[in-house]
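J.: If you scroll down you'll find the structure; I have some questions about it.
Nothing in this text is a laboratory measurement; each read-out follows from the coordinates by a stated rule. Not measured: the values here are computed from a predicted model. In this analysis, Cβ positions are derived from the backbone assuming ideal geometry, glycine residues included, and neighbour counts consider all displayed protein chains.
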Amino acid sequence: MSAAPDDTAVLRVDSDRLWSSLSELGSVGAYHDSDTDLEGVRRLALTDEDITGRELVLGWMREAGLSIRMDAVGNVYARRAGLDDSLAPVLVGSHIDSVATAGRFDGCLGVLGGLEVVRTLNDHGVSTRRPFEVAIFTEEEGARFGTDMLGSATAAGRISLAQARSRADRDGVSVGAELDRRGLVGDQVVPMPARPHAYLECHIEQGPILAEHGTDIGVVRGVQAITWLELEISGRAAHAGATPNALRRDAELAAALIRVRLDEMVTSGDYGVMLATVGRHETTPNLVNIVPSHVLMTVDLRNHDGDAMDRATIDLHEYLRAVEERTGTTISVAVTAQTPPVHFPPQMRDRVAKAAAGLGLSSEEITSGAGHDAGEIAALCPAGMVFVPGLYDGISHNPREYSTPEACADGINVLLHAVLGLLED
Ligand code: GLV
Ligand code: MN
Ligand code: MN
Ligand code: MN
């Protein structure tokens, strides 16, 4: 049975089914978050919780008749055949790994939304000219292995498989060891051997703009540049009461100077609209009466302007040398992630805007503050993104993250109709 493309204009996804899939996956890795007194999600990449989540989603994908393949970095591609299966597929996807204090939407909406598109096409017996694939990308968050978009960056060839496999978590367990242990090494080569026809990803906005404006759908212009640094500051442990100031090599003082300098850089306006976060900070020996000998701190820099990002990174390095001099410490820097700003092509933005308009939904263009797999896959094929509004100031990476069933269904209806067009190209 197949529907003529004209008949497909009336198709709508099943909002209840989408919501119940989001809720069921959201219960995998659920924990009580004492900070918010809410149930949060903790599904760090390649942990038991992530594997349980994958098994749940893969089961649904198989039930929907999709054929599954996996690549060498554990990315999953679930395929619905096309009438001409030799054509390049239309790919949608996202991730189901999470940060340690997550809600239920970040990433999951894109994967389960792709599945909901498949289920809707199946319900209505719609055949499509091109094959359709739904991807689950490995370690999008970088929350465990320290490099975000690890799976999609490897698929896109921006980082090598060897680089991806060598990334290690805080306990020294590598991506490669986890992939091998869990049997997640598919026989497909990475980077992706065949380019998709196009890629689309639906995601919760993770910011306040759409809700503030009362807009239904965000048509994503692109993704801002991201740089992640890991700084290791080495000083010397010494007695807090008996060591004169001139003899101290205080790693914590160095860290504090760097943190304040980052804030000065942000507020100076010299680097455009820059954001800086020190999200991880570990002091050794971390005792009241000892001058700290070591600090490990991460720096997350974001900027819409790639040149400003480059300048900020160079200037920060220069400042680190000055801090070494002033504090008598040594500071080593590892760049753990670095992505330039990504601009999605106008034709993909147009597809999303037209799909929204066809559904009677309001839309506006918006630039993503967060990193996304779409930013990586954009190197392989025309890519685009659909954002849905989040509540509570759009808070995300927090159990309070929330979007309504209606907003999620709106986003996936836009995905469905943009995808239906691409599948007939
Ligand atoms: C990933 O969510 C990131 O933007 O850090
Ligand atoms: Mn995400
Ligand atoms: Mn995230
Ligand atoms: Mn992310």
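J.: Show me, for the stretch 37-43, the HN-Hα J-couplings you get by feeding each phi into the Karplus relation (A = 6.51, B = -1.76, C = 1.60, θ = phi - 60°), rounded to Hz, glycine and proline as x.
T.: So the J values, rounded to whole Hz, are 6, 10, 7, x, 10, 10, 9.
J.: Assign unit charges at the C-beta atoms only (+1 for Lys and Arg, -1 for Asp and Glu), then state the dipole size of the stretch 151-267 relative to its Cα centre in Debye, rounded to the nearest 20. Walk me through the numbers on the way to the answer.
T.: On the way: 13 positive and 15 negative charges, 96 e Å.
Here the size comes out at about 460 debye.
J.: OK, next. Once you place label points 7 Å from the Cα toward the Cβ at Lys354 and Val335, how far apart are they in nm?
T.: Going from the Lys354 label point to the Val335 one covers 3.9 nm.
J.: Can you compute 3J(HN,Hα) from phi for each residue in the stretch 372-389, using the Karplus curve 6.51 cos²θ - 1.76 cosθ + 1.60 with θ = phi - 60°, rounded to whole Hz and x for Gly and Pro?
T.: 8, 4, 4, x, 7, 5, 4, 6, 9, 7, x, 10, x, 9, 10, 9, 10, x
J.: Let me ask something else. Roughly what percent of Cα-Cα pairs across the chain reach past 27 Å? List each step's numbers first, then the result.
T.: On the way: 47819 of 90100 pairs.
Looking at the chain, the distances longer than 27 Å represent 53 percent of pairs.
J.: For Gln188, what residues show an amide H to amide H distance below 5 Å, using hydrogens built from the backbone and excluding near sequence neighbours?
T.: Placed amide hydrogens put Met70, Ala72 under 5 Å from Gln188.
J.: What residues have an amide H closer than 5 Å to that of Phe344, excluding those fewer than 5 places away on the same chain, when H is modeled at 1.01 Å from N in the peptide plane?
T.: Long-range HN contacts for Phe344: Gly222, Val223.
J.: Simple spin-label model, 7 Å along Cα-to-Cβ: Leu58 to Thr36 in nm?
T.: 2.9
J.: Helix-derived [θ] at 222 nm for the chain: sum -39500 (n - 2.57) over DSSP H runs of at least 4, divide by residue count, nearest 500?
T.: On the way: 12 runs with 146 residues, N = 425.
Computed mean residue ellipticity for the chain: -10500 deg cm²/dmol.
J.: A further question follows. So, with +1 on the Cβ of K and R and -1 on the Cβ of D and E, and no other charges, what is the size of the charge dipole of the chain about its Cα centre, to the nearest 20 debye? Each step should come with its number before you reach the end.
T.: On the way: 36 positive and 62 negative charges, 176 e Å.
It works out to roughly 840 debye.
J.: Sorted from largest down, give the three principal axis spans of the alpha carbons of the stretch 226-339, whole angstrom values.
T.: 48, 22, 19
J.: Over every pair of different alpha-carbon atoms in the stretch 307-416, take the mean of 1/r and invert it; report that Kirkwood radius in Å.
T.: Values: mean 1/r = 0.0572 Å⁻¹.
Value: 17.5 Å, from the Cα pair sum.
J.: Normalise the Cα radius of gyration of the stretch 1-153 by 2.2 N^0.38 Å (N = residues in it) and let me know the number.
T.: Numbers: Rg = 16.3 Å, N = 153, 2.2 N^0.38 = 14.9 Å.
Its radius of gyration relative to the 2.2 N^0.38 Å reference: 1.10.
J.: Based on DSSP, what percent of beta bridges with both residues in the chain are antiparallel, to the nearest 5? Intermediate results must be reported in sequence, preceding the final value.
T.: Details: 48 of 69 bridges.
DSSP beta bridges in the chain are roughly 70 percent antiparallel.
J.: Once amide H atoms are placed 1.01 Å from N in the peptide plane, what residues at a sequence separation of 5 or more from Cys202, or on another chain, have their amide H within under 5 Å of its amide H?
T.: Gly93, Val386
J.: Quick one: what are the phi-derived ³J(HN,Hα) couplings along the stretch 110-118, Karplus 6.51/-1.76/1.60 with θ = phi - 60°, whole Hz, x for glycine and proline?
T.: Values per residue, Gly and Pro as x: x, 6, 6, x, x, 4, 5, 4, 4 Hz.
J.: May I ask for the percentage of alpha-carbon pairs in the stretch 203-284 that lie more than 14 Å from each other? Don't skip to the end; give the middle numbers.
T.: Details: 2500 of 3321 pairs.
Taking all Cα-Cα pairs of the stretch 203-284, the fraction more than 14 Å apart is 75 percent.
J.: Then there's this: Helix 405-424 versus the longest principal axis of the chain: what angle, 0 to 90°, nearest 10, using Cα atoms?
T.: Once rounded, the angle reads 60 degrees.
J.: Compute the whole-percent fraction of alpha carbon pairs in the stretch 86-180 spaced more than 15 Å apart. Before the final figure, lay out each step's value.
T.: Working: 2968 of 4465 pairs.
In whole percent, the long-distance tail amounts to 66.
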